[in-house]
Structure formats: structure tokens, C-alpha cells
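Asks: Have a look at this one before I ask anything.
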Amino acid sequence: MIDFYYAPTPNGWKVAIMLAECDLEHTTHLMRLSQGDQFTESFLAISPNARMPAIVDHAPGAGWGDAPVPVFESAAILFYLAAKTGRFMPPPQDKRAMKELDEWLFWQTGNQGPMAGQLSHFRNYAPEADRAYGLRRYAGEYDRNLGVLENRLDGRSYILGDDYSIADMQAFPWVFIAKPLGASLDAFPRVADWRARIKTRPAVRRAIDLFKGDQNRGQHRADNNDVLFNQTAASLRPRAQD
Ligand SMILES: N[C@@H](CCC(=O)N[C@@H](CS)C(=O)NCC(=O)O)C(=O)O
């Protein structure tokens with residue numbers, strides 16, 4: 001059994017997609033990020049970066065010992081679940097394909113994800129007066145990353161080639177919401193086709209609908225919520241669970 005710590009955001013969807021694709025038995029724990037669930041002592045023990053998604057696998061299987069396995073960071077979770085199930089990753093003996101999987105998981109984690117996240121921040125949550133430069137900078141970086149993906153999809157149906165993999169699950173959610181981020185996919189036809197192919201998968205539909213009503217659609221912002229925004233190291237002082 002797997003405990004899944006989740007909020008309905010693009011980063012949460014990545015793992016929700018994989019759990020649904022693999023039909024893995026799990027319990028979803030909805031996190032109220034605007035109220036500080038990410039800073040409770042019990043959650044920080046699982047995810048020291050105070051971010052969801054995270055999982056705890058209570059039946060990790062051969063080679064892991066008896067203790068439950070906690071995993072934080074979406075790419076690490078997807079990789080862990082792919083290795084556990086043997087699904088949505090290349091055969092481990094194909095070293096070149098595995099190297100490419102690593103590259104695209106790291107690319108998303110270090111580039112597309114944070115740039116899109118900052119674009120969303122400056123578009124939806126930053127104080128009005130402080131928006132302009134950040135919006136310009138991260139809209140440009142988001143666009144640049146769409147260009148990287150467009151080039152990669154030249155001659156490929158999916159990021160690693162013919163087969164849909166965890167690299168696609170990792171990158172899809174931030175492309176899925178291009179329109180609300182103020183971006184158009186018109187200049188990126190391969191990305192648009194790839195997005196359309198992935199969007200129709202039943203597991204993906206289920207994942208992006210999970211706790212949809214609990215999305216932060218601009219109601220918790222930097223000017224009205226000092227738990228989710230304006231964080232510093234002091235934010236990491238564990239709070240009691242309520
Ligand atoms: N690189 C991380 C990013 C995770 C992340 O930024 N999660 C956000 C929600 S989308 C979060 O938990 N935010 C809580 C907070 O900012 O306090 C991953 O891919 O897992």
C-alpha cells in the first residue's frame with residue numbers, strides 16, 4: 001500500500017498519473033498547502049523540502065528491507081514507481097535509453113518545472129505592482145522550454161521515442177496548462193499533438209480531475225497568505241498537525 005501526499009497542481013498530477021496508469025493501490029492524502037500541511041513534523045520527515053508530491057511505500061518489495069520507503073520530488077517518485085513496476089521506463093539494460101530518461105527527468109526538474117512554476121507565480125499570485133519583470137522573464141523561459149520540447153519531438157511521438165514513459169508524465173502537466181499560463185502552442189505543433197495524445201489517456205483524465213474543486217485558483221496569493229507565500233527558512237519550523 002502506498003500513501004500519496006497530494007494537492008491538485010501540475011506537480012501533484014505527475015504522480016497521480018503514474019499511480020493511475022499502473023493501477024497501484026494507494027491512499028490519497030489531500031494537502032492544504034495554504035494552511036501549512038507541508039510544514040508539519042510528520043510531513044517534513046517524508047519530504048524535507050516541504051513540497052508535495054511525496055509518497056510512502058509500505059510494501060516496497062525485495063531488496064528494500066521491512067521499513068516503509070518515503071520518496072519526495074516528483075521525478076524521483078516516478079522513477080521509483082517505474083522501477084517497482086517495471087513499467088513506463090526503458091529496459092534497465094538499455095543504458096543509452098536509461099541515460100536519456102535521466103536527462104529528460106532532470107531537464108524537467110531543473111528547467112521546465114521551475115520556470116513554469118515561476119511564470120504561474122508572477123501571473124497569478126504576485127502582488128500586481130511587482131509582476132512585470134518576473135512575468136517577462138518566466139514567460140520567455142517557459143517559451144524557450146516549449147521550444148526545447150518541440151525540437152525533441154521532431155521524429156518522435158513521445159520524449160523517449162515510440163513509447164510513452166515517465167518522462168512524458170513528468171513534462172505533460174505544465175504543458176497541459178499552457179493556456180491559463182498565458183502561452184499559446186500555435187508555434188509548437190509537435191508539442192500540441194503530443195499534449196493531445198497524452199490528454200486523452202483515461203488515467204491522465206482521472207489524475208487531473210482528482211480533487212479538482214480544491215485547486216488554488218488565485219484565491220490564496222502573496223498579498224493575503226503568508227503560509228504559502230513569502231517563505232523563508234523560518235517556515236520550516238515544524239508546526240503541530242491539526
Ligand atoms: N520539484 C518539485 C516541485 C514540487 C512543488 O513545487 N510543489 C508545490 C505545489 S505545485 C508545493 O508543494 N508547494 C508548497 C509550498 O510552496 O509551500 C517536484 O517536482 O516534486
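Readers should treat all values here as calculations from the given coordinates under stated rules, not as data from a laboratory. Predicted model, so just to flag it, every value in this text is computed and none were measured. Here Cβ is always computed from backbone atoms with ideal geometry, including for glycine, and neighbour counts include all displayed protein chains.
Asks: Compute the distance in nm between two label points, each set 7 Å from the Cα along the Cα-to-Cβ direction, one at Asp223 and one at Ala76.
Replies: Simple spin-label model gives 3.7 nm for this pair.
Asks: Provide the FRET efficiency to the nearest 0.05 for the Ile177-Ser42 pair, computing r from the beta carbons and using R0 = 30 Å.
Replies: The pair Ile177/Ser42 has a calculated efficiency of 0.50.
Asks: Kirkwood hydrodynamic radius of region 135-242 from all distinct Cα pairs, in Å?
Replies: That comes to 16.5 Å for region 135-242.
Asks: Once fully extended, how much extra length lies between Asp193 and Asp66, figured as 0.36 nm per residue of separation less the alpha-carbon to alpha-carbon distance?
Replies: 41.3 nm
Asks: For an R0 of 30 angstrom, estimate the FRET efficiency from the Cβ-Cβ distance between Met98 and Tyr133 and round to the nearest 0.05.
Replies: Given R0 = 30 Å and the Cβ-Cβ separation, E is 0.15.
Asks: Rounded to the nearest 5, what is the percent of antiparallel bridges among the DSSP beta bridges in the chain? Don't skip to the answer; put the middle values down first.
Replies: Details: 9 of 15 bridges.
If we restrict to bridges inside the chain, about 60 percent are antiparallel.
Asks: Just from the alpha-carbon atoms, what are the Rg and Dmax of the chain in angstroms?
Replies: 18.0, 55
Asks: Also: Provide the gained length on full extension for the span Thr85 to Asn49, in nm with one decimal, where the gain is 0.36 nm per separating residue minus the Cα-Cα distance.
Replies: Extra length available between Thr85 and Asn49 comes to 10.3 nm.
Asks: Ok, one more. Positive end of the dipole of region 105-242, charges at C-beta (+1 Lys, Arg; -1 Asp, Glu), about the Cα centre: which of Val204, Leu135, Val175 has its Cα farthest in that direction?
Replies: The listed residue farthest towards the positive side: Val204.
Asks: Quote the relative contact order of the chain in percent (integer), defining contacts as alpha-carbon pairs under 8 Å separated by 6+ residues.
Replies: Value for the chain: 27 percent.
Asks: Related question: Would you calculate, for the chain, the mean residue ellipticity at 222 nm contributed by helices, counting each DSSP H stretch of 4 or more residues as -39,500 (n - 2.57) and dividing by all residues, to the nearest 500?
Replies: -13000 deg cm²/dmol
Asks: Given the options Gln112, Gln170, Gln231, state which has the largest fluctuation in a GNM of the chain using a 10 Å cut-off (strictly under) for Cα springs.
Replies: Judging by the Gaussian network model, the answer is Gln231.
Asks: How big is the gap, in Å, between the Cα center of region 150-189 and the Cα center of region 23-80?
Replies: A separation of 26 Å, based on Cα centres.
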